[in-house]
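One structure is given below, encoded as structure tokens.
The values are calculated or read from the model by the stated rules, or taken from the named source; none is laboratory data. As the structure is a prediction and not an experimental result, all values here were calculated from the model. Note that we place each Cβ from the backbone using ideal geometry, even for glycine, and neighbour counts take in every protein chain shown.
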Amino acid sequence: MNNIDKLSIATIRSLAIDTINKAKSGHPGMALGSAPIAYTLFTRHLNATPKDSLWFNRDRFVLSAGHASALLYTMLHLCSYKVTMDDLKSFRQLDSKTPGHPEYGWTDGVDATSGPLGQGISQAVGMAIAETMMNSMYPAACDHYTYALCGDGCLQEGISQEAISLAGHLNLKKLILFYDANGITLDGGLGLSFSEDVKARFVASGWNVLEVEDGNDVDAIDAAIVKAKKADKPTMIMVHTVIGFGSAKQGTNKVHGNPLGEEDGKAAKLSYGFDHDNFYVPAEVYDHFKNTFGARGDKAYADYNKAMDVWKAANPDDAAKFADALEAKSYNVEYPAFEAGSQTSTRVASGKALNFFMNKLNNLFGGSADVAGSVMTKLDNGSNYFVDNRAGHNMNWGIREFAMASAQNGMLLHGGVRSYVGCFFVFSDYMKPAIRMAALSHLPAIYLFSHDSIAVGEDGPTHEPIEQMAMLRSIPNVDTIRPCDERETYAAWNAALDSKNRPTALILSRQNLPLLDGSSKEGVYKGAYVISKEAKKADYILVATGSEVALAVEAQKLLAADGIDVRVVSMPCWSYFDAQDKDYKKSVLSLDREKIVSIEMLSSFGWDKYAANHLSIDSFGKSAPAKDVINAFGFTADKVATFVKNLK
């Protein structure tokens with residue numbers, strides 16, 4: 001390590017101390033311990049440029065241990081991203097560009113939203129997957145590494161092993177994970193809760209493992225990165241660090257999540273040989289980052305653009321496809337003819353729609369958590385993605401719902417691919433944190449959730465969703481669509497692919513549903529619409545989703561025979577409907593809430609904003625043939641009609 005290395009690392013650590021001290025909040029421990037790792041990566045290896053922070057072929061860096069955000073913001077500042085000294089001084093303050101945990105799309109240079117431990121690892125796996133996909137289609141346009149930094153806590157989360165196992169199985173050799181092994185968690189020494197052989201765990205999962213004994217040895221860290229780049233497997237570099245290095249409390253949990261304070265902070269800086277005012281950066285340090293990270297990135301960026309100009313001129317068709325892949329397009333297309341009187345489950349309809357749209361998107365990749373045959377996630381014209389077929393469009397995620405959803409986030413963060421994942425609706429619970437992360441990151445993720453109600457039948461309450469719809473609807477920025485027939489399902493898929501910054505969940509039936517005369521694409525896009533009008537003047541409005549729309553239409557006929565005139569409204573997507581203007585919403589739900597009945601074989605939670613009366617299920621389901629379960633819970637045309645009559 002030479003003098004400029006020492007001075008630069010001291011500067012990084014000192015800025016992190018000052019940033020956290022000024023905020024009176026933050027996590028200095030890992031920021032100080034991992035500083036040499038970040039320094040070595042950024043100054044000697046990482047190819048990226050602040051001239052175009054979203055440059056497609058840049059190396060990606062994910063801070064899985066997002067609580068060490070002060071380290072990342074310091075690096076971005078020194079590397080000349082749009083993170084100013086004033087931004088560092090406003091760390092963790094209202095609306096600052098330096099929030100407590102990194103947020104993609106908010107802070108320049110941040111490649112992924114992270115913080116909930118373990119998700120960053122899985123997002124990095126998704127990025128590495130997307131890199132192989134794009135490289136297989138456009139090798140001249142995509143060829144880079146994915147790096148991630150995690151800590152002891154990340155590796156204790158279950159999602160980490162799901163992701164590690166998957167990455168090893170898929171042999172993602174351009175994925176490099178740094179493990180800051182400082183042996184401390186918030187509650188104390190790692191031995192309180194963790195004693196496994198981490199190296200053996202990675203080896204068993206198919207990874208290359210390297211070890212750096214001294215976390216301050218930048219030359220050893222550099223040598224490990226050089227080796228990792230040559231490996232034929234994903235690589236974990238285990239770096240032994242000292243948490244809170246330089247602090248009087250170093251090596252203890254007391255420095256994990258509390259500012260050092262002025263006295264200890266000053267003493268720590270002096271231990272680095274750094275005797276300067278707060279928030280001071282020596283000119284030679286700025287110059288060093290400009291001459292290393294900056295110069296290397298600028299050259300890589302310029303060389304890439306020149307090479308791309310040549311490639312585009314020689315390959316105009318591929319260049320046009322590549323450009324389309326980078327831009328989220330809208331798909332205003334004519335659907336195939338639907339057979340009047342047909343009966344099709346919406347999961348089967350979804351499979352048809354998926355293959356229909358696949359013919360228009362060569363960059364559509366996806367799969368399910370080992371239930372492709374049940375959720376209908378397989379692309380008929382697509383082969384399986386694997387080590388020897390990176391162009392395969394069908395992903396076999398295995399029974400890894402959480403990692404699957406989180407890796408999809410990484411794929412979308414990488415860019416160039418459109419993706420979808422699927423499983424049974426009840427298991428969306430396993431995916432919820434990753435769905436929330438997609439929403440927070442404004443990613444157009446697509447989720448296919450089949451077996452959407454008590455109609456699952458014999459599998460019983462463990463597999464019958466009840467509260468999951470309410471959960472999804474409660475997440476900000478998520479659109480949840482429960483289509484009633486084949487036509488609505490195609491429209492739901494269309495809407496999901498049209499989305500540019502919101503996740504979309506399609507909630508799909510196992511049982512066959514009739515094609516309804518009044519269903520429409522336009523109605524789905526509006527979120528709710530009149531699918532079966534009243535004869536003259538509506539006495540009541542029945543508003544339903546999914547399979548219950550056809551049930552409401554049947555009940556409408558029975559009620560008409562008794563002189564009760566009702567309107568049936570299909571409401572496939574609450575969030576779409578809520579976004580309509582007041583006049584439209586009033587035209588659909590024109591009666592007082594007391595005259596509106598919601599019908600959904602799921603929890604009633606949330607329906608009160610539309611209706612005062614609910615046919616719903618606020619208990620767990622039952623195990624029996626589907627028809628018997630449905631009848632037991634009162635979801636028959638006769639019972640719906642009786643319910644309405646009793647409102648009089």
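Figures for the structure shown
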| item | result |
| --- | --- |
| Any pair with Cβ under 8 angstrom, 6 or more apart, that starts in region 12-23 at a residue that is over 13 Å from THR98 (Cα atoms) and ends at one that is acidic (Asp, Glu) | ASN21/GLU262 |
| Filtered residues of region 299-320 (kept if surrounded by 15 or more Cβ atoms within 10 Å (Cβ to Cβ), assigned to a helix (DSSP H, G or I) and either more than 30 Å from the chain's Cα centre (by Cα) or not aromatic (Phe, Trp, Tyr) (or both)) | ALA300, MET308, TRP311, LYS312, ASP318, ALA319 |
| Within region 487-520, considering residues that are over 14 Å from GLU548 (Cα atoms) and more than 26 Å from the chain's Cα centre (by Cα), the one surrounded by the most Cβ atoms within 10 Å (Cβ to Cβ) | ARG487 |
| Where SER271 falls short, out of the listed (1) hydroxyl-bearing (Ser, Thr, Tyr); (2) closer than 30 Å to ALA495 by Cβ; (3) without any contact (Cβ under 8 Å) to a residue 40 or more places away in the chain | (2) |
| Qualifying positions in region 321-345 - part of a helix (DSSP H, G or I) and either under 30 Å from THR43 (Cβ atoms) or among the β-branched types (Val, Ile, Thr) (or both) | LEU326 |
| Residue match in region 628-638 (condition: among the aromatic types (Phe, Trp, Tyr) and within 23 Å of THR489 (Cα to Cα)) | yes |
| Any hit, region 477-489, residues being within 19 Å of VAL629 (Cβ to Cβ), part of a loop (DSSP other than H, G, I, E, B), touching a Leu at 6+ places or on another chain (Cβ under 9 Å) and not assigned by TED's automatic domain parsing to the domain that holds LYS627 | yes |
| Matching residues in region 518-560 - criterion: being among the acidic types (Asp, Glu), farther than 11 Å from CYS484 by Cβ and touching a Ser or Thr at 6+ places or on another chain (Cβ under 9 Å) | GLU554 |
| Residue in region 56-65 that is under 25 Å from the mean Cα position of the chain (by Cα), assigned to a helix (DSSP H, G or I) and under 20 Å from MET127 (Cα atoms) present | no |
| Candidate set: region 607-648, residues that are small (Gly, Ala, Ser) and in a helix (DSSP H, G or I); chosen: the one surrounded by the fewest Cβ atoms within 10 Å (Cβ to Cβ) | ALA632 |
| Residues satisfying the stated conditions in region 544-571, i.e. surrounded by 22 or more Cβ atoms within 10 Å (Cβ to Cβ) and not hydrophobic (A, V, I, L, M, F, W, C) | THR545, GLY546, SER547, GLU548, GLN556, ARG567, SER570 |
| Search result, residues across region 64-94 that are under 12 Å from GLY26 (Cα atoms) and either in contact with a Cys (Cβ under 6 Å, 6 or more places away or on another chain) or not assigned by TED's automatic domain parsing to the domain that holds ASN21 (or both) | none |
| Flag if SER136 is over 22 Å from ASN384 (Cβ atoms) and either aliphatic (A, V, I, L, M) or assigned by TED's automatic domain parsing to the domain that holds THR19 (or both) | no |
| Condition broken by GLU211, with the remaining ones in (1) under 34 Å from the mean Cα position of the chain (by Cα); (2) acidic (Asp, Glu); (3) not in a strand (DSSP E or B) satisfied | (3) |
| Residue among LYS582, LYS622 that is free of Cβ contacts under 8 Å to residues at least 60 places away in the same chain and under 36 Å from the mean Cα position of the chain (by Cα) | LYS582 |
| Exclusive hit being of a type outside the set (Ser, Thr, Tyr) and more than 29 Å from the chain's Cα centre (by Cα), set ALA248, ALA231 | ALA248 |
| Close pairs from region 543-555: first in a helix (DSSP H, G or I), partner β-branched (Val, Ile, Thr), Cβ under 6 Å, at least 6 apart | GLU548/ILE599; ALA552/VAL568; ALA552/ILE599; VAL553/VAL568; ALA555/VAL640 |
| Residue check for LEU270: surrounded by fewer than 15 Cβ atoms within 10 Å (Cβ to Cβ) and not in a loop (DSSP other than H, G, I, E, B) | yes |
| Spans of helices (runs of 4 or more DSSP H) in region 346-418 with at least 3 residues under 17 Å from ARG510 (Cβ atoms) and in contact with a helix residue (DSSP H, G or I) (Cβ under 6 Å, 6 or more places away or on another chain) | 346-358 |
| Cβ pairs under 8 Å, 6+ apart, first in region 229-249 and part of a loop (DSSP other than H, G, I, E, B), second among the aliphatic types (A, V, I, L, M) and surrounded by fewer than 24 Cβ atoms within 10 Å (Cβ to Cβ) | THR241/ALA181; GLY246/ALA267; SER247/ALA267; ALA248/ALA267 |
| Test for MET133: is it buried (at least 16 other Cβ atoms within 10 Å of the Cβ) and in contact with a helix residue (DSSP H, G or I) (Cβ under 6 Å, 6 or more places away or on another chain) | no |
| Residue count, region 579-596 (criterion: closer than 23 Å to LEU615 by Cβ and in a helix (DSSP H, G or I)) | 5 |
| Checklist (1) in the same structural domain as LEU440 (by TED's automatic domain parsing); (2) part of a helix (DSSP H, G or I); (3) surrounded by fewer than 24 Cβ atoms within 10 Å (Cβ to Cβ) applied to TYR576, failing item | (1) |
| Where CYS79 falls short, out of the listed (1) surrounded by fewer than 24 Cβ atoms within 10 Å (Cβ to Cβ); (2) free of Cβ contacts under 8 Å to residues at least 60 places away in the same chain; (3) at negative phi | (2) |
| Residue in region 202-224 that is farthest from ALA128 (Cα to Cα), counting only those that are in contact with a helix residue (DSSP H, G or I) (Cβ under 7 Å, 6 or more places away or on another chain) and in contact (Cβ under 8 Å) with a residue 60 or more places away in the chain | ASN216 |
